[in-house]
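Chemist: Mind looking over this structure? Questions follow.
Where a number appears in this text, it was derived from the coordinates with a stated rule and is not lab data. This is a predicted model, so every value here is computed, not measured. Positions of Cβ are backbone-derived with ideal geometry, glycine not excepted, and every protein chain shown enters the neighbour counts.
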Amino acid sequence: MVKPNLIIGKLTRSQFIRLLMLASGSAVVLAACGSNSSDTSSDSPTASTGQPLTVGTEGTYPPFSFRDLQSNELTGYDIDIATEVAKRLGRPIELVPTQWKSMLASLDARRFDFVANQVSVTPEREQQYAFSQPYTVSGAVILVSQDNPKNIQSANDLKGKVVGTTQGSNFAEAAQEAGAEVKYYQGIAQVLTDLQQNRVDAALNDRLYVLSELKEANYRVKSVGEPFTRETTAFAFRKDNTELRDQVNQALDEIKQDGTLANISNKWFGEDVSR
Amino acid sequence: MSVVDLLIDSLPLLLKGALMTVWISVLGVVFALLLGLLVAILALSKVRVLEWLSSLYVSFFRGTPLLVQLFIIYFGFANVIRFTPFQSIVIGLTLHFGAYISESFRGAILSISKGQWEASASLGLKQSDTFVHVILPQAWRRAIPSIWNSLIDVVKASSLASVVTVEELTSIADQISSASAVVLPILLEAALIYWALTTLLDIVQRYLERRYRYAD
């Protein structure tokens with residue numbers, strides 16, 4: 001009498017080997033498939049001239065980093081600056097669209113050379129990462145829905161309120177310090193959608209984003225009060241990659257002095273937000 | 001730009017993302033099926049080590065979130081093996097859904113009556129031939145509905161590729177909706193594309209079930 005579940009023992013050796021070969025063949029196909037993917041971050045911290053400068057950016061954060069729907073290209077304030085920096089370094093640029101949630105982990109894992117995505121310089125982050133000189137000065141502002149049912153007028157009013165923000169953003173910390181309960185979203189668009197339906201009481205976001213985007217979009221939300229933090233944003237590098245950081249700083253010096261940076265800023269914000 | 005114009009204008013870009021989704025899904029489906037079958041065979045092998053390994057595999061990959069598995073594959077192994085973003089999602093989908101599919105296969109194989117084995121043996125068939133030519137075709141037919149549940153899940157779960165920097169349907173939809181500040185219509189458009197893709201799988205399932213009806 002034969003047991004139905006005695007199978008492997010009864011597969012002939014050659015059949016078993018064929019199965020194994022099928023499996024390992026699959027793995028080879030998989031390896032071949034991936035070889036043309038966007039995994040080009042240089043392993044050596046001192047990549048030579050001519051190699052692409054790989055830059056992590058969200059691509060979902062207008063006007064800093066977003067996909068232009070006419071040209072289908074990634075563009076924005078941060079991307080313009082990074083592109084200009086790459087040009088000064090004589091290297092092509094390669095953008096790696098990455099969700100903010102996995103941005104810093106990707107930087108750690110050498111998936112790209114640096115982050116150009118309005119990364120705020122904070123003491124905590126400075127312990128983990130090397131920052132370029134700042135290229136934006138801004139601050140967080142409070143957003144409420146048009147009807148503002150909780151009557152929030154300033155940071156003091158945030159205590160005990162529900163504040164929406166994006167995952168891993170430094171606005172979450174600002175909200176917690178103000179005593180608010182923080183609710184996390186994937187992107188600013190989802191935050192504002194929920195805000196206009198009063199599912200959250202307020203949202204925190206960058207003054208520059210509010211300046212440039214909010215009036216174009218048709219969310220029924222408004223900003224209240226004064227910016228309550230002063231923030232600078234810069235490119236973030238791995239700590240072991242200060243050589244590239246220094247090169248980028250030099251390029252930033254150049255484009256500050258010859259007015260290129262101010263031009264880029266004017267193009268996006270109508271004023272110089274880089275100082 | 002009106003919402004309707006935006007939906008039309010964004011379609012080519014979304015379809016480009018959908019192409020990546022299809023590519024990920026096709027590889028995920030094929031590899032998950034192969035791995036699932038292999039693991040089911042190991043689980044039924046009566047070799048204790050292999051049984052133990054396959055149940056450990058199923059327990060882990062069925063028992064932890066795919067998102068976490070992806071982070072481990074993409075970031076956790078970055079210093080050992082650098083999987084590209086594309087490889088990471090295909091490996092993640094394969095390992096995760098291979099676990100589900102192996103259980104579907106295992107159940108279906110066990111559901112074939114012992115009499116089939118005995119009848120084949122009495123006709124002088126070797127056990128390996130019995131498995132390949134008698135048991136597996138019947139088991140496959142019984143496993144189709146539950147395996148197809150997993151395959152449709154593969155397509156939907158390919159949207160997690162966006163967290164490991166693959167630009168597919170969901171991440172393109174995210175980009176368009178944040179650039180245009182039009183969220184829900186774009187997401188609905190993306191959802192319809194997913195629906196169309198999974199409907200293709202439905203059609204394949206109906207076809208296969210019709211084809212194997214002769215066995216009734």
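Chemist: Which members of region A:155-196 meet the condition of being part of a helix (DSSP H, G or I), over 12 Å from A:Ser145 (Cα atoms) and among the hydrophobic types (A, V, I, L, M, F, W, C)?
Modeler: Correct list: A:Ala155, A:Leu158, A:Phe171, A:Ala172, A:Ala174, A:Ala175, A:Ile188, A:Ala189.
Chemist: Return the only residue of B:Leu37, B:Leu66 being more than 10 Å from chain A (Cβ to nearest Cβ) and surrounded by 16 or more Cβ atoms within 10 Å (Cβ to Cβ).
Modeler: Answer to the selection: B:Leu66.
Chemist: How about region B:1-32: which of its residues are among the basic types (Lys, Arg) and under 10 Å from B:Val154 (Cα atoms)?
Modeler: Those that are among the basic types (Lys, Arg) and under 10 Å from B:Val154 (Cα atoms): none in region B:1-32.
Chemist: Looking only at strands (runs of 3 or more DSSP E) that lie completely in region A:197-264, which have at least 3 residues being in contact (Cβ under 8 Å) with a residue 40 or more places away in the chain, of a type in the set (A, V, I, L, M, F, W, C) and on the phi < 0 side of the Ramachandran plot?
Modeler: By residue number, A:202-206, A:231-238.
Chemist: Inspect all residues belonging to region A:86-96 and state whether any of them is assigned to a loop (DSSP other than H, G, I, E, B), in contact (Cβ under 8 Å) with a residue 24 or more places away in the chain, surrounded by fewer than 17 Cβ atoms within 10 Å (Cβ to Cβ) and of a type in the set (Gly, Ala, Ser).
Modeler: Yes.
Chemist: Another question, if that's okay. Identify the residue in region A:67-81 that is surrounded by fewer than 24 Cβ atoms within 10 Å (Cβ to Cβ) and charged (D, E, K, R) and, among all such residues, is nearest to the other protein chains (Cβ to nearest Cβ).
Modeler: Only one residue fits best here, namely A:Asp68.
Chemist: Among the residues of region A:197-219, which ones are over 27 Å from A:Asp78 (Cα atoms) and either under 20 Å from the mean Cα position of the chain (by Cα) or surrounded by fewer than 17 Cβ atoms within 10 Å (Cβ to Cβ) (or both)?
Modeler: Within region A:197-219, A:Gln197, A:Asn198, A:Arg199 meet the criteria.
Chemist: What number of residues within region A:174-189 satisfy the criterion of being in contact with a Lys or Arg (Cβ under 7 Å, 6 or more places away or on another chain) and among the hydrophobic types (A, V, I, L, M, F, W, C)?
Modeler: 2
Chemist: For B:Arg106, indicate whether it is away from chain A (no Cβ under 13 Å), part of a helix (DSSP H, G or I) and more than 15 Å from the chain's Cα centre (by Cα).
Modeler: Considered against the rule, which asks whether it is away from chain A (no Cβ under 13 Å), part of a helix (DSSP H, G or I) and more than 15 Å from the chain's Cα centre (by Cα), B:Arg106 comes out as no.
Chemist: Select from region B:73-94 the residues that are among the hydrophobic types (A, V, I, L, M, F, W, C) and surrounded by fewer than 22 Cβ atoms within 10 Å (Cβ to Cβ) and list them in ascending order.
Modeler: Hits for region B:73-94 are B:Ile73, B:Phe75, B:Phe77, B:Ala78, B:Val80, B:Ile81.
Chemist: Sort out which residues of region B:181-203 are surrounded by fewer than 23 Cβ atoms within 10 Å (Cβ to Cβ) and either within 17 Å of A:Trp100 (Cβ to Cβ) or within 11 Å of chain A (Cβ to nearest Cβ) (or both), and write them in order of number.
Modeler: Residues satisfying the conditions are B:Ala181, B:Val182, B:Val183, B:Leu184, B:Leu187.
Chemist: Can you report the number of residues in region B:135-179 which are surrounded by fewer than 19 Cβ atoms within 10 Å (Cβ to Cβ) and aromatic (Phe, Trp, Tyr)?
Modeler: 1
Chemist: Could I ask something else about it? Of the residues in region B:78-133, how many are without any contact (Cβ under 8 Å) to a residue 12 or more places away in the chain, closer than 30 Å to A:Ser102 by Cα and among the aliphatic types (A, V, I, L, M)?
Modeler: 3
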